[in-house]
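Everything below concerns the one structure shown next.
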Amino acid sequence: MDINLQQREKLRTARRVVVKIGSRVLVQRDGRPDLRRLRELTRDLADLRKRGVDVIVLDHHQVSAPPPAATALVNPQLGAGSPASPFIELCSVGLAFKLAHALLKRGREIGLPGAADFDLRPLLDLVALGTIADIVPLTGENRPLVAIGLQRLAATRRPGLVALKRVAQCPALPGTYEVGYQLAPRLNAAGRLETAEEALRLLMAPDFADAMPIAQALDTHNRERQKIERDMADKVIGPLRARFNPATDCAIVEADASWHIGVVGIVASRVLQQFYRPTIILGGDGGDFRGSGRSIAGFDLAAALRQCGDLLLRHGGHAMAAGVTLSPASVDAFRTRLNDLARRALTPEQFQAPLRLDAEVRLPEVTLECLAILDQLKPTGPSNPAVQLVARNVGMQRPPQRMGAEKQHVKLWITDGAATHEAVWWGAGDQPMPVGRFDLAFAPQVNDYNGRRIVQLKVLDWRPA
């Protein structure tokens, strides 16, 4: 059995099922409990072991102290700093694949029937999907898992994934962008608004006829999620912008009982993009507030939450992202303390969002042949970002053109006199447009649409030349 036990109730259910069916092995993955739940988990694991059930815990988070009292703990963090385990950034699906691979190798060594002919490679489409969705570094072992997995995903025959690609209008050769921004959000949408059962049913669908209605329902959920997210972000960002003081506001904590806890993490990311401050957004959860936080370079959010432990009911996470639960009475004190911690930990320069630029180029150098060479750096993502360039002293060949249902995006035609490239500024909104001569920061990409294949520049920022 493979059961995600992020809540103790799930472990209790698992325990009842294990006892009822007489299973001897329970695999628990990706627990990440806080201290209180860790104590409860320890008691329940001990009870399962008394019943003769071997419990294997798969987890990629920092190892708790004490670690879960399981028969076996499979966690790459246990090898941190060891030459024998140089890579510790596997996510849950990568870790599960590695465990399955180790078991298969052992099965072949001992002559287990069927082991010699069993092929794990068809599972790599799911491994790539989960690895990209979990936003782990695309370095080390994650690179081949994702690179080969994306090839498998392009040719997958899983009815659920075929249907999901259809409703998401995914290209024939999906990359990390398509998985991260088209496929994964639809799979996650059901769990954000209700439960993740529909996503599981989609992945397990036996044929396309069963899969397509589920994929369409997930697409509808995703549109609902996007609307909730947009409305909530507007409610957070508008008032916050009116009162934000960059000299004194070193962290952002916003709470409202009416906000949907399924999208607080996404909204926290959008608020961080606007203000570049460690951000926690809280929604109502019964009589408490529950939410998610996102951080900036140099500020360990999980460590900061530990220093606020006396104000919190539950907390846990990583340096850059964390979850938290607290009572409404503690919100103001929590905001004040987190702000003080950020002020002491960060310098004024660290409150400025960095823009990484890899090279200065002339527009004639940005060709389809050049981009084909840069493609060798793929798959790009966390810790292996896409190339970002700057072209100086460029101008507009013709007036910009607004795009999108709300005219929030802009298409531009950029020239330096020797070459002209189409550029797209996603989410430009009401920001000032470039005028005269200017320097342009951009990410080069290929726009392949209706048989027309051209270089396109994704606008990152601009400044007067």
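Can you tell me which residue is surrounded by the fewest Cβ atoms within 10 Å (Cβ to Cβ) among those in region 56-83 that are assigned to a helix (DSSP H, G or I) and modelled with pLDDT of 80 or more?
Leu78
Find the helices (runs of 4 or more DSSP H) located wholly in region 110-226 whose residues include 1 or more that are in contact (Cβ under 8 Å) with a residue 60 or more places away in the chain, under 18 Å from the mean Cα position of the chain (by Cα) and surrounded by 14 or more Cβ atoms within 10 Å (Cβ to Cβ), and list them.
Numbers: elements: 124-133, 142-154, 159-167, 184-193, 197-203.
In region 110-226, the matching helices (runs of 4 or more DSSP H) lie at 124-133, 142-154, 184-193.
Out of all the residues in region 109-122, is one or more over 30 Å from Tyr449 (Cβ atoms) and basic (Lys, Arg)? So that I can check it myself, show each step before the final result.
The initial filter retains those residues of region 109-122 that are over 30 Å from Tyr449 (Cβ atoms), namely 109-122.
This time we only want the ones that are basic (Lys, Arg), so: 121.
Yes.
What single numbered condition from (1) out of contact with any Ser or Thr (no Cβ under 9 Å at 6 or more places or on another chain); (2) within 26 Å of Pro144 (Cα to Cα) fails to hold for Met403?
(2)
Give the residues of region 355-385 that are under 20 Å from Gly417 (Cβ atoms) and in a helix (DSSP H, G or I), sorted by residue number.
If the condition is that a residue be under 20 Å from Gly417 (Cβ atoms) and in a helix (DSSP H, G or I), then Leu363, Pro364, Glu365, Cys370 are the ones that fit.
Out of region 227-261, which residues are surrounded by fewer than 19 Cβ atoms within 10 Å (Cβ to Cβ), closer than 27 Å to Asp300 by Cβ and among the small types (Gly, Ala, Ser)?
Residue satisfying the conditions is Ala247 alone.
Which number in (1) assigned to a loop (DSSP other than H, G, I, E, B); (2) surrounded by 13 or more Cβ atoms within 10 Å (Cβ to Cβ) marks the one condition that Gly94 misses?
(1)
Here are Ala329, Ala386, Ala333: which of them is in the same structural domain as Val455 (by TED's automatic domain parsing) and free of Cβ contacts under 8 Å to residues at least 60 places away in the same chain?
Ala386
So which residues in region 291-337 are surrounded by 18 or more Cβ atoms within 10 Å (Cβ to Cβ), in a strand (DSSP E or B) and of a type in the set (Gly, Ala, Ser), if there are any at all?
Gly291, Ser292, Gly293, Gly316, Gly317, Ala322, Gly323
Do the conditions hold for Val459, that is, is it under 15 Å from Cys370 (Cβ atoms) and either buried (at least 18 other Cβ atoms within 10 Å of the Cβ) or in contact (Cβ under 8 Å) with a residue 12 or more places away in the chain (or both)?
No, not satisfied.
Here is a check on your reading of the model: is Val424 crowded, with 16+ Cβ neighbours inside 10 Å, in the same structural domain as Pro385 (by TED's automatic domain parsing) and part of a strand (DSSP E or B)? Walk me through it before giving the result.
Working: crowded, with 16+ Cβ neighbours inside 10 Å: yes; in the same structural domain as Pro385 (by TED's automatic domain parsing): yes; part of a strand (DSSP E or B): yes.
Yes: the conditions hold for Val424.
The values are calculated or read from the model by the stated rules, or taken from the named source; none is laboratory data. Here the structure is a predicted model, which means the values were calculated and not measured. Note that we place each Cβ from the backbone using ideal geometry, even for glycine, and neighbour counts take in every protein chain shown.
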